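Written below as structure tokens is the structure these notes are about.
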Amino acid sequence: MPSFRFAAAGLAGCLLASAAFAHDHAPLRRRLIFADHEKPVVRILDLDSGEVTHSFDVPKANPGFAGVSGGRYVVVKTGDEAGTLGILDSGLIAESHGDHVDLDKAPPKLLDFAVKGDRPAHVLSGHGQLALFFDGLRPWEGKSEPKAVLVAIDSLAKDKPAVTVWPSPAPQHGIAVPLGNRQWLMSIPNPAYARGDDRSASSRPNGFEILEQGKDWKRIALFDDAGKPDASCKLFHGSAEARGRHVFGCAEGEGGGLLVLAKAGQGTAAAWSGRKLGYPDERRVSALKSRAGGRYLVGNYGLKAPYDALLRIDPDTKALKADDVLAVPGGQAACQFELSGDGGRLANLTPDGKLRIYEIAPAWKELAAFDAVAAFDCAYGAKTPVPSLAVIGGNAFVSDPANGRIREFHLDTLKQGLDMPVGGMPANLAGSDAG
């Protein structure tokens, strides 16, 4: 059980927000979850009242977050020595009525359910499932238990969530991707790294297998043949799904590119197939972003850190071209970027403190640039407070740790919205977006 403690504030506002609203009322806004750079606490900002309504104590300052499909839950990457991943229930409950979605706000809570393991890393969700991947220790550091912990999202509201553990064959900087219909894509460890006799070997996988969940984990398809570019993904890092296509970032160079997996056919005759989509030049992606229903994915693009460009990806295209690449102004790192809820626009927060809003298609176009925060260091492991970017629907939010504020920017009207004092040093953000 996690040793988190809960404190509530703004009780009257919470009671008002938790009441269901009639269809002729203005829709309720979401909740924004944020960490503090100095204090071990996670807080919730209610976007209707503009007030911080709840706080939760956590083991260490500035934990990371990962949103969970459906928008109600957020994984809290505590960063403690036990490798604990907690689950925050934002209390945001959406009920679909076909032509619209009603939103209700229940009291948020940090679940008693938590998962621990060696080196928690990638968190992915979709198709009603949540996957928590634990890389395990480097082979030469000692024995460990690399694994993927698989959780049915709708069971998180129960006292005992439905959990399945898939043991990884060996340590790896791996991934577990829910595909629906009890099927999962699991990465395959790099043999050279798994043996542990070559400390220069990469922990990144080179291939995948698609498994059917069950007692024996039946293999459905295999994409782990280095001799076949369409059936391998050397030095994998970065994945996203768009319109039924699963896209994975692979190495640059010969045989590299993006691996696009799709399922063709119906029922038992359906089969998974792969194809390689080459990069437009010698660079590669490292992180990919997408939105449900959106046509394009976007990845950061470069040879090595800092990745100083963005790449627009249509998974159905035959080839990526030079005009799919957007150079970040001033040769800066792409740093933080997020797509709008409909996938049509992109917000990019760069080290110069600017938030730039782009139209993605038919061509990259800068629509606006805001002086969101002071210049900052966004390099991995930066010791100074790092502002964070989150997008909820058509609104971007940027934390300003130096001034204890969170600012809102509208992606549709291209105007600044709320500028909210929240105190402390707000850093990492997570949007609670059930729409």
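The values are calculated or read from the model by the stated rules, or taken from the named source; none is laboratory data. A quick note: this is a predicted structure, and the numbers were derived from the prediction, not measured. Cβ placement follows ideal geometry from the backbone for every residue including glycine, while neighbour counts extend to all protein chains displayed. Accessible surface areas use protein heavy atoms only, side chains included; no ligands, DNA or RNA. Shrake-Rupley method; radii C 1.70, N 1.55, O 1.52, S 1.80 Å.
The mean accessible area for residues of the stretch 201-262, using a 1.4 Å probe and ignoring ligands and nucleic acids, is 45 Å² per residue. What relative contact order, as a whole-number percentage, does the stretch 42-123 give when Cα pairs under 8 Å and 6 or more residues apart are counted? Once divided by the residue count of the stretch 42-123, the mean separation gives 21 percent. Phi-derived couplings, Karplus 6.51 cos²θ - 1.76 cosθ + 1.60 at θ = phi - 60°, listed residue by residue for the stretch 360-370: 7, 9, x, 9, 4, 8, 6, 9, 6, 9, 10 Hz, with x used for Gly and Pro. Shape class of the stretch 298-427 from the Cα gyration tensor (axes a ≥ b ≥ c, square roots of the eigenvalues): oblate, since a/c reaches 1.5 or more and a/b does not exceed b/c. Measuring from centroid to centroid over Cα atoms, what is the spacing of the stretch 128-160 and the stretch 395-435 in Å? Going from one Cα centre to the other spans 31 Å.
Take the stretch 44-197 with all the other protein chains still there, run a 1.4 Å probe, and you get 42 Å² of accessible area per residue. The three principal axes of the C-alpha atoms in the stretch 60-214 carry coordinate ranges of 56, 37, 24 Å, sorted with the longest axis first.
Between the stretch 43-75 and the stretch 233-255, the C-alpha centres lie 30 angstrom from each other. Taking amide H atoms as placed 1.01 Å from N in the peptide plane, the amide H of residue 65 lies under 5 Å from those of 77, each 5 or more residues away in sequence or on another chain. Each of 304, 218, 77 has its accessible area taken with a 1.4 Å probe; listed largest first, they run 304, 218, 77.
Taking the three principal axes of the alpha carbon atoms in the chain, the coordinate ranges are 62, 48, 47 Å, sorted in descending order. Packing, as the average of other Cβ atoms within 10 Å across residues, places the peptides 309-315, 171-177, 278-284 in the order 171-177, 309-315, 278-284, highest first. Note on residue 370: accessible area approximately 30 square angstrom, rounded to 10, probe 1.4 Å, nucleic acids and ligands left out. Take every DSSP beta bridge whose two residues both sit in the chain; close to 100 percent of them are antiparallel. Short-range pairs are left out: with C-alpha atoms under 8 Å and at least six residues apart, the relative contact order of the stretch 389-429 is 38 percent. Sorting 78, 317, 413 by solvent-accessible area of protein heavy atoms yields 413, 317, 78, largest first, with a 1.4 Å probe.
For the chain, the mean residue ellipticity at 222 nm estimated from helices alone is -500 deg cm²/dmol, where every DSSP H run of n ≥ 4 contributes -39500 (n - 2.57) and the total is divided by all residues, rounded to the nearest 500.
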